[in-house]
Amino acid sequence: MTDNLQSPIRRFYAGKNVFITGATGFVGVTIIEKLLRDIPEIGTLYILMRAKKGKSVEQRVEDVKKNSVFNRFKEMKLEDRFAKIKPVEGDVGQENLGLSAADRQLLIDNVNVVIHSAATLDFFQGLRETTCINLLGTRRVVELCSQIKQLNSLVHVSSAYVNSYLTDVEEKLYPAPDDPEKVIDLVNKSSDSALKEMEPKLLKDHPNTYTFTKHLAEHEVAKAATRFACGIVRPSMITAAWHEPVPGWTISKNGPQGFVMGAAKGVIRRLPLDASVIMDYIPVDVVTNAIITTGYYVDALKVKNGNKPDQLQIFHLTSSTYKPFRFEKLVAQINAGMHEYPLASAVWYPRLQFVKNLTAFRLGAIFFHFIPAIFLDLLTVVTGGRPILLRLHRNVWNSLNTLERFIFTEWHYDNKLAIKLAKSMDPVDKKLFGIDIETLCWEEYFKNMHMGVREYLNKESPKNLEAARKKDKILLGLHVAMQLLVYYGIFKLLVCFGISSPKAALVMPLVYMGFNAL
């Protein structure tokens with residue numbers, strides 16, 4: 001292992017107590033794992049948690065420790081470091097973060113670094129919920145920070161998409177889309193139906209309440225930047241791990257991980273996506289390292305500036321202008337990977353096709369998603385299972401209009417400041433907390449992602465791979481037989497409509513090409 005004692009970042013965090021919101025999420029658990037694994041001298045990790053589903057926060061911490069992100073951690077026999085985790089019961093959606101007086105004082109007296117990553121990520125939630133959690137939640141965290149006695153830094157996890165009304169975005173704070181006090185007042189005084197009616201006018205060019213309230217939240221942090229050291233990180237779509245804790249690790253079903261999971265099961269066969277458009281993806285371990293690095297960096301700037309906070313630091317954790325990715329180069333690899341590393345739980349022979357026209361996708365979804373879903377759900381009911389496919393595809397169908405902008409728009413996120421930070425890091429820190437994706441190979445990355453989806457999302461061991469490959473061959477046979485049956489049925493239908501057999505035979509290639517175009 002690298003001589004961590006030479007790491008300025010490790011030295012900074014040594015003995016520091018860190019308060020983390022959103023600690024049970026995809027990014028949150030990776031932050032916990034990374035801090036515990038690579039900074040053994042770290043102080044206490046106070047993690048904000050809600051009691052949930054009849055479980056106390058102490059019980060929920062035990063569930064966090066079982067997360068697959070800690071598999072390598074446990075192989076290294078580092079479980080004794082779990083003792084550094086201290087749950088604090090609360091909720092960013094409640095006044096005063098839902099903290100008891102004693103817990104709030106505990107944080108005020110002991111915390112040194114605050115990492116605020118809690119947010120509601122639901123693009124379809126109403127303004128009331130997103131304002132309460134994303135905007136007011138951030139305000140509540142900032143208010144706590146202003147009371148903390150020995151605060152070194154606050155790191156706010158935002159999103160590159162807070163400025164999604166622009167297609168070329170810089171690492172700077174853009175003007176607020178509205179007066180936050182006005183928005184909060186409307187939320188407090190208006191009914192749900194009234195808010196829903198006002199939403200389009202309030203959001204203006206913002207595509208949803210998520211980006212709107214996250215944008216306003218950045219301004220809450222900006223207002224505090226003159227009082228204490230603050231940094232904002234804006235990741236794009238966060239995807240599976242590049243290197244740590246292991247290549248391909250993921251617990252997120254968002255973005256490519258989700259559709260790879262569905263496609264590998266044979267459930268998703270068409271995807272509304274223009275393969276020529278740049279998709280901005282960033283590995284979760286790069287985001288985690290950037291958050292940790294930012295906590296150190298903004299404090300170092302403050303010290304350099306005579307112990308006065310420097311200007312607000314904003315970093316894009318993005319790939320579109322630095323390491324651009326397009327699916328057109330990987331379509332064949334993704335389809336091949338689903339047969340090289342197939343799922344034993346696949347319900348049909350996997351094959352994924354990208355469709356860059358929403359109308360064509362909807363038409364194709366009827367044949368390739370809805371009709372098979374009806375039959376498979378019926379089979380599930382007969383065998384005593386719970387039918388979910390038809391509902392899943394219906395939800396996707398209903399969300400298409402809302403997601404269309406994110407599916408087909410190409411954004412370019414300038415990340416010069418993040419690159420400058422990455423290049424300026426100490427050589428030891430570059431190895432321990434690397435944020436530079438210059439050497440990332442998308443082909444290798446997606447291969448690892450595919451295996452990660454198989455193991456961590458589908459919960460399938462590498463040990464059942466041979467059995468899965470045998471099943472894949474059986475599914476191929478059934479798939480070919482079904483196709484022949486369908487085309488034979490269409491042929492007979494054409495004959496029934498008075499078309500001669502030779503002419504019907506000539507039409508069949510056109511039918512085949514038509515289906516493949518959907």
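Details
- Hull-based mean projected area of region 290-337, where the convex hull spans the alpha carbons, in square nanometres: 5.0 nm²
- The alpha carbons of region 168-307 give a radius of gyration and a Dmax of 19.5, 60 Å, in that order.
- Contact order normalised by residue count of region 70-223, Cα under 8 Å, 6+ apart, percent: 30 percent
- Cα-based radius of gyration of region 377-515 once divided by 2.2 N^0.38 Å, which approximates compact folds: 1.74
- Using θ = phi - 60° in the Karplus curve 6.51 cos²θ - 1.76 cosθ + 1.60, the 3J(HN,Hα) couplings for region 351-362 round to 7, 10, 10, 8, 10, 8, 10, 5, 5, 5, 5, 4 Hz; x is entered for Gly and Pro.
- Projecting label points 7 angstrom from Cα along Cα→Cβ for residue 65 and residue 409 puts them 4.4 nm apart.
- Reducing region 176-252 and region 83-141 to their Cα centroids gives an inter-centroid distance of 14 Å.
- Tally of Lys pairs whose C-alpha atoms are under 21 Å apart, taken over region 65-164, 8 or more apart or cross-chain: 13
- Between residue 80 and residue 149, residue separation times 0.36 nm minus the direct Cα-Cα distance comes to 22.0 nm.
- When the charge dipole of the chain is built from unit charges on Cβ atoms (+1 for Lys and Arg, -1 for Asp and Glu) and taken about the Cα centre, the candidate among 418, 339, 186 whose Cα reaches farthest toward its positive end is 339.
- Note on region 66-117: Cα convex hull, mean projected area over all directions, 5.0 nm².
- Simple Cβ-charge dipole of region 1-92, Lys/Arg +1 and Asp/Glu -1, about Cα centre, in debye nearest 20: 140 debye
- Each of residue 277 and residue 398 was given a label point 7 Å from its Cα along the Cα-to-Cβ line. The distance between the two points is 2.3 nm.
- Debye log10 I(q)/I(0) at q = 0.24 Å⁻¹ for region 1-96, Cα point scatterers: -1.34
- Rotationally averaged projected area of region 96-196 (alpha carbon convex hull; nm²): 7.9 nm²
- Whole-Å semi-axes of region 232-389's equivalent ellipsoid (Cα gyration tensor): 41, 18, 14
- Between region 409-451 and region 292-324, the Cα center-to-center distance that results, in Å: 16 Å
- The value for the chain of Rg(Cα) / (2.2 N^0.38 Å) is 1.06.
- Rounded to the nearest 20 debye, the dipole size of the chain about its Cα centre is 1140 debye, using +1 on the Cβ of Lys and Arg and -1 on the Cβ of Asp and Glu.
- Under 5 Å, built H, 5+ apart or other chain: amide partners of residue 314: 232
- Estimated from the Cβ-Cβ distance and a Förster radius of 51 angstrom, the FRET efficiency linking residue 332 and residue 129 is about 0.80.
- Estimated 222 nm signal from helices in the chain, with DSSP H stretches of n ≥ 4 weighted -39500 (n - 2.57), rounded to 500: -15000 deg cm²/dmol
- Farthest toward positive dipole pole in region 209-335 [+1 Lys/Arg, -1 Asp/Glu at C-beta], among 217, 271, 232: 271
- Relative contact order (%) - criterion: Cα under 8 Å, at least six apart; region: the chain: 17 percent
- Cα long-axis angle, helix 136-147 against the chain (0 to 90 degrees, to the nearest 10): 20 degrees
- With a Cα cut-off of under 26 Å and a minimum spacing of 8 residues unless on different chains, the lysine pairs in region 416-518 number 18.
- Counted by Cβ distance under 11 Å from residue 341, the other residues give a net charge of -1, where Lys and Arg count +1 and Asp and Glu count -1.
- Residues with amide H under 5 Å from that of residue 42, placed H, sequence gap 5 or more: 15
- Cα-based Rg and Dmax for region 168-215, where Dmax is the largest Cα-Cα distance (Å): 11.9, 36
- Extension reserve of the residue 390-residue 488 stretch, reckoned as 0.36 nm per residue once the Cα distance is removed: 32.6 nm
- To the nearest ten degrees, helix 331-340 and the longest principal axis of the Cα atoms of the chain are 80 degrees apart.
- Angstrom value of the Kirkwood radius, inverse mean 1/r, which spans all Cα pairs in region 403-459: 14.4 Å
- Helix 101-110 axis, angle to the chain major axis (alpha carbon atoms, nearest 10°): 70 degrees
- Going by accessible surface with a 1.4 Å probe and the largest first, 86, 323 read 86, 323.
- Hydrodynamic analysis of region 205-245 uses the Kirkwood radius over alpha carbon pairs. Inserted into Stokes-Einstein at 37 °C and 0.692 mPa s, it gives a translational diffusion coefficient of 259 µm²/s.
- Multiplying the residue separation of residue 371 and residue 304 by 0.36 nm and subtracting their alpha-carbon distance yields 17.7 nm.
The values are calculated or read from the model by the stated rules, or taken from the named source; none is laboratory data. These numbers come from a predicted model, not from an experiment. For neighbour counting, all protein chains shown are included, and Cβ atoms are generated from backbone atoms with ideal geometry for every residue, glycine included. What goes into the accessible areas is simple: the full protein's heavy atoms, side chains included, and nothing from ligands, DNA or RNA. Shrake-Rupley method; radii C 1.70, N 1.55, O 1.52, S 1.80 Å.
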